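Notes follow once the structure below has been shown.
The values are calculated or read from the model by the stated rules, or taken from the named source; none is laboratory data. Remember, predicted model here, so these are calculated numbers, not experimental data. Heads up, the Cβs are rebuilt from the backbone with ideal geometry, glycines too, and the neighbour counts pull from every protein chain shown. Surface areas here come from the heavy atoms of the whole protein model, side chains and all, with no ligands, DNA or RNA. Shrake-Rupley method; radii C 1.70, N 1.55, O 1.52, S 1.80 Å.
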Amino acid sequence: MYPFPVFLFLTILCLLGSTADAIGVNWGTMSSHPLPPPKVVELLKSNEVSKVKLFDADPLVLQALSGSNIVVTLGIPNSMLKTLNSSRKAAESWVHDNVTRYFSHGGAGVRIEYVAVGDEPFLQSYGDQFDPFVIGAAMNIQAALTKANLGGEVKVVVPCSFDTFVSESGRPSKGHFRTDLNKTMIELLTFLSKHHSPLFVTISPFISFQQNKNISLDFSLFKENARHHNDSHRTYKNSFDLSYDTVVSALSKIGFPEIDIVVARIGWPTDGAANATSSIAETFMKGLIDHLHSKTGTPLRRRNPPIETFMFSLLDEDHRSITSGNFERHWGVFTFDGQAKYHFNFGQGTKNLVNAQFVEYLAPKWCVVNNNKDLSNASASALEACSTSDCTALSPGGSCSNISWPSNISYAFNSYYQQNDQRADSCDFGGLGLITTVDPSVDTCRFFVELQTSHSTSAHEAYIFLRIILLLACLFSCLLGFTW
């Protein structure tokens with residue numbers, strides 16, 4: 001038996017360690033020119049990130065994570081749910097290829113903690129597109145893990161979107177799951193409880209602030225001077241606690257008041273909308289981390305905060321859907337090239353974020369509008385460019401929303417040019433484009449240069465290279481024939 005002071009000291013160490021370990025980050029890969037996986041793993045390790053949540057099971061990502069000691073949540077895309085629901089064999093194959101093959105048994109593999117079945121499959125905008133397949137897919141993956149002797153090592157979860165739970169009055173005590181999901185949620189929670197798995201849920205203070213006029217910015221940002229919200233005898237000082245207890249109430253109403261909760265996504269975007277800025281995101285993230293570290297919990301779960309929280313997201317992704325808003329491509333704590341947007345840390349005291357090192361870019365060239373040309377049709381060309389590239393920074397409230405014409409046309413041209421690996425013909429625009437080596441960035445509006453990736457050689461150049469090889473082969477063959 002330890003003396004009491006020693007026991008107290010060890011207890012504090014344990015609490016501090018568990019708090020730090022409970023904060024992870026989402027790593028999405030929906031980018032036209034993704035940062036190479038080994039470079040991302042270096043970024044995670046440099047910033048002492050101990051947990052990462054993935055949205056799929058990319059072999060290159062899993063290879064990069066192997067031996068890193070980073071705890072991983074693997075994702076299964078929604079597109080696979082129907083197949084996994086109908087075929088246990090398909091589930092066994094998926095588990096073999098993506099879990100068993102990489103799983104670390106204390107060695108140099110990947111420390112897989114969860115398999116997340118679906119990517120927010122209950123999102124209201126999906127309708128019931130995936131609902132009928134989620135529970136069956138989860139059960140088949142669980143059976144496959146058990147068959148592979150991993151049932152006790154890896155837990156199966158289903159990430160639930162921020163609109164899975166609602167409270168029409170805005171009061172947490174009135175929280176409930178969407179009526180169309182009641183039966184499915186009871187089935188899911190019964191499954192999770194049986195296997196001692198937590199509920200994965202998204203909490204989005206930014207979207208709550210956007211959609212609810214009764215929620216102020218200060219309330220969303222954990223500001224001490226924010227107007228409190230009262231619910232009977234309970235007082236809510238921030239939007240996070242309000243949303244979290246709405247989930248807790250929803251769970252209680254269908255008979256699962258004690259189930260553990262993991263916040264699977266939470267963050268604040270930095271571009272593409274009003275109040276989506278780096279400075280506001282910094283305030284939010286610091287407030288959230290301080291709140292989680294305090295371990296005070298919420299009014300309905302005193303001193304019982306989420307067992308894990310995954311920040312959303314690690315990097316910006318220029319291929320994310322913008323159906324719910326242009327800000328969707330700007331959730332990253334880091335820019336697409338791994339550069340920190342603000343001062344923040346994942347729970348390592350006063351240490352600031354460490355940038356990705358030795359990042360390889362395309363040549364320092366940009367595509368801008370040629371001011372010596374007739375620009376009467378330039379806007380139409382810019383709209384066409386933006387239809388297949390990322391121009392979300394030009395949105396109202398965005399970092400490039402204040403640049404004037406024709407600089408905004410240049411931004412659109414450059415976005416398309418970089419998207420297409422700086423191919424010369426991608427800066428044509430009917431003669432309106434001009435390639436320059438002078439950086440046209442203005443104030444906070446960054447005209448980016450894309451990353452060098454494995455596909456950055458243009459198709460045209462690859463075609464020419466192939467033709468040369470074939471011609472040389474033909475010539476060599478002819479010479480051999482002549483010698484004979």
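At a glance:
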quantity: Top-ranked residue in the stretch 106-129 [being farther than 19 Å from VAL166 by Cβ and in a loop (DSSP other than H, G, I, E, B); ranked as nearest to the chain's Cα centre (by Cα)]; calculated: ASP119
quantity: Considering residues of the stretch 376-392 that are modelled with pLDDT of 95 or more and more than 15 Å from TYR417 (Cβ to Cβ) only, the residue most open to solvent (accessible area, probe 1.4 Å); calculated: LEU383
quantity: Search result, residues across the stretch 365-374 that are open to solvent by less than 90 Å² (accessible area, probe 1.4 Å) and either farther than 23 Å from ASN408 by Cβ or assigned to a loop (DSSP other than H, G, I, E, B) (or both); calculated: LYS365, ASN370
quantity: Listing of helices (runs of 4 or more DSSP H) fully contained in the stretch 183-281 that carry 3 or more residues being aliphatic (A, V, I, L, M); calculated: 239-253
quantity: Hey, PHE222 open to solvent by 50 Å² or more (accessible area, probe 1.4 Å), out of contact with any Phe, Trp or Tyr (no Cβ under 6 Å at 6 or more places or on another chain) and closer than 19 Å to PHE310 by Cβ or not; calculated: no
quantity: Among residues of the stretch 282-302, those that are in a loop (DSSP other than H, G, I, E, B) and surrounded by 18 or more Cβ atoms within 10 Å (Cβ to Cβ), counted; calculated: 2
quantity: Matching residues, the stretch 336-350, being free of Cβ contacts under 8 Å to residues at least 40 places away in the same chain and in a loop (DSSP other than H, G, I, E, B); calculated: GLN339, GLY349, THR350
quantity: Residue count for the stretch 92-142, restricted to those that are among the aromatic types (Phe, Trp, Tyr) and within 15 Å of SER79 (Cβ to Cβ); calculated: 4
quantity: Members of the stretch 81-105 that are within 24 Å of the chain's Cα centre (by Cα) and open to solvent by 40 Å² or more (accessible area, probe 1.4 Å); calculated: LYS82, ASP97
quantity: Any hit, the stretch 113-120, residues being at pLDDT below 95 and among the hydroxyl-bearing types (Ser, Thr, Tyr); calculated: no
quantity: Criterion: modelled with pLDDT under 95, of a type in the set (A, V, I, L, M), open to solvent by less than 90 Å² (accessible area, probe 1.4 Å) and not in a loop (DSSP other than H, G, I, E, B) - qualifying residue of ILE409, ILE469; calculated: ILE469
